[in-house]
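Read the figures in this text as sums done on the coordinates, not as results from a lab. Model, not experiment: these values are computed from the prediction. In this analysis, Cβ positions are derived from the backbone assuming ideal geometry, glycine residues included, and neighbour counts consider all displayed protein chains.
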């Protein structure tokens, strides 16, 4: 089109955007700002031990366990659905995994994939009911919150003959070659070496205060990177945003919205299963209260990370930082003189601020007036 | 009349075979006759306006054309061959693209992501298969420039565009993916004056690329500004097709209103009724 090319070069509206306004458009900005604020807060109020290596590992461990769930929840929220059953799913998958290893004595190479498949099936059931009935996922998964929690209790009693705790996982997996990938610490060799050279804090006997990086932190980073890759760089990611943004428009454009949403429910359930496997192996047992109220904390972390409740917007990196904020607050308060029960007040306050902030951001992005 | 010539820069193709020809299309929903014998054709590089008041059957007709509905009776010829579209996908693959009023756009997503939604090009293989962002961004910027819109950036969200610009994105997307026929469902109905003129200019650009445009409207002025031929639909029937210059706005208006002035119009329509 020769008659339009000249316009292309000169357009008075073509203005280079400032770095600030470009950053404002990133969904994870709020969460990163939150991390900075919370860090400053604890630098002032908390014992300096909080920001030593062992202190960081201390708060990153619960952050990682929650974060794996939060990233799953964030992807599902971007896809326009909720899953309130992930906390109960942790208990249910934990029961399945513990029963597989202890009661049936299966090796991890069988028990772990079986747990994931089982979780994915439950997740797909959730998704299938939501898609087929057209009911809000809020209600359907609320039902599963109770169903799965109840089944975990009943199942535990059946497996143990009346107890609500199933022990003996540690003995059952002793020596299994897969165990180091899901429990304990990674890079313990390098840490011991660092300790020998006196580059990290050591106990009096010369061993490192931090024996290694807890495995859940490694998984947390892997899951965050993987989710970010999928969301930002693959067609599937585009479909997730589209399915959450406007399912009708997405369907009309050829996006398999139903398949996308059911897959997301499965991914979320698998995140819960991963947390279940890691924590059950770590504790050596499972009980019916495992993952209690984690669904709310995960959704809070996802919202702090910039996810909109209406779907179609958010990021996995945001949920990553949202979970870190969570970990810093829950552990950080123990380093301060504050009563630890302030934690819940803090969490609620963060959520409220995050939602208000996200709303303002969305208006900017969509140009709503 | 200035408006008449504003968006019409080229002569309409005269003796070209139509891309799509629909003959005596009837569509019944139960005992309701939505279409009672509609004939319509579109040639490459023309803008054929389909006019009609609310309830005239415009929507049913374009849905039949775009494969959403199957006609109860009648024949559809596509590039000379009789076709039977089973689904909107079939029609889309043949080259009939429809831009519905909701535009199938997601405001929170970037222009590029909307542009390629559901049809993302990829590079790499196996686990490293990823969206070809560079190609996508370049193609989006280029397509939009051809339509006379310079985006600030390809990652600008659709929500920040005006209604007319969104319409243009939807049109550009259809053209980019190889539409031979572009059906626009009331593209100007919700737009202001300036935005309307942008969309009409876009229609003219698309037509010049050899795409046949079906422009559905109930606004006679918008239709006359850009159309080559005009077909009026009333109560499920075509009242006739007029060439550009053969008909006045008043006459079109009367036809749309119910054909009360039929007798008077018969002459001016050249016996096509």
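One table, with the values for the structure above:
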quantity: Over chain B: helical MRE at 222 nm, DSSP H runs n ≥ 4 each giving -39500 (n - 2.57), nearest 500; calculated: -9500 deg cm²/dmol
quantity: Where N is the number of residues in segment A:110-239, Cα Rg divided by 2.2 N^0.38 Å; calculated: 1.51
quantity: Extent along principal axes [Cα atoms of segment B:55-209; Å; largest to smallest]; calculated: 47, 47, 28
quantity: Residue A:26/residue B:209 FRET efficiency (R0 30 Å; Cβ-Cβ; nearest 0.05); calculated: 0.20
quantity: Cα shape, segment A:29-362, gyration tensor, a/c 1.5 rule; calculated: oblate
quantity: Label point distance in nm, residue A:258-residue B:73, each placed 7 Å from Cα along Cα→Cβ; calculated: 3.5
quantity: Alpha-carbon Rg with Dmax, taken over the protein assembly as shown, Å; calculated: 30.9, 109
quantity: Distance from segment A:213-240 to segment A:135-182 (C-alpha centre basis), Å; calculated: 25
quantity: Sorted by Cβ neighbour density within 10 Å, fewest at the top, the residues A:141, A:202; calculated: A:202, A:141
quantity: Label-point separation, residue B:235 to residue A:163 (7 Å along Cα→Cβ), nm; calculated: 8.4
quantity: B:102, B:132, A:337 arranged by Cβ crowding within 10 Å, fewest neighbours leading; calculated: A:337, B:102, B:132
quantity: Antiparallel bridge percentage (DSSP; both residues within the protein assembly as shown; nearest 5); calculated: 60
quantity: Burial ordering of B:41, B:185, fewest other beta-carbon atoms within 10 Å first; calculated: B:41, B:185
quantity: Highest-MSF residue in chain B out of B:97, B:225, B:153 [GNM, Cα springs under 10 Å]; calculated: B:153
quantity: Residue with peak Gaussian network fluctuation, chain A [Cα springs, cutoff 10 Å], from A:224, A:354, A:49; calculated: A:49
quantity: Length-normalised contact order for segment A:29-362 - Cα pairs under 8 Å, 6+ apart - percent; calculated: 37
quantity: Helix-only [θ]222 nm of chain A, DSSP H runs n ≥ 4, -39500 (n - 2.57) each, per residue, nearest 500; calculated: -22000 deg cm²/dmol
quantity: Euclidean distance between Cα centres, segment B:125-164 to segment A:255-293, Å; calculated: 36
quantity: Taking chain B and dividing mean pair separation by its residue count, relative contact order in percent (alpha carbons under 8 Å, at least six apart); calculated: 27
quantity: Relative contact order of segment A:151-308, defined on C-alpha pairs under 8 angstrom at six or more residues apart (%); calculated: 27
quantity: Sites residue A:309 and residue B:134 - FRET efficiency at Förster radius 30 Å, r taken between beta-carbons, to 0.05; calculated: 0.35
quantity: Euclidean distance between Cα centres, segment B:85-123 to segment B:200-255, Å; calculated: 25
quantity: Cβ-derived FRET efficiency at R0 25 Å, residue A:47 paired with residue A:199, nearest 0.05; calculated: 0.65
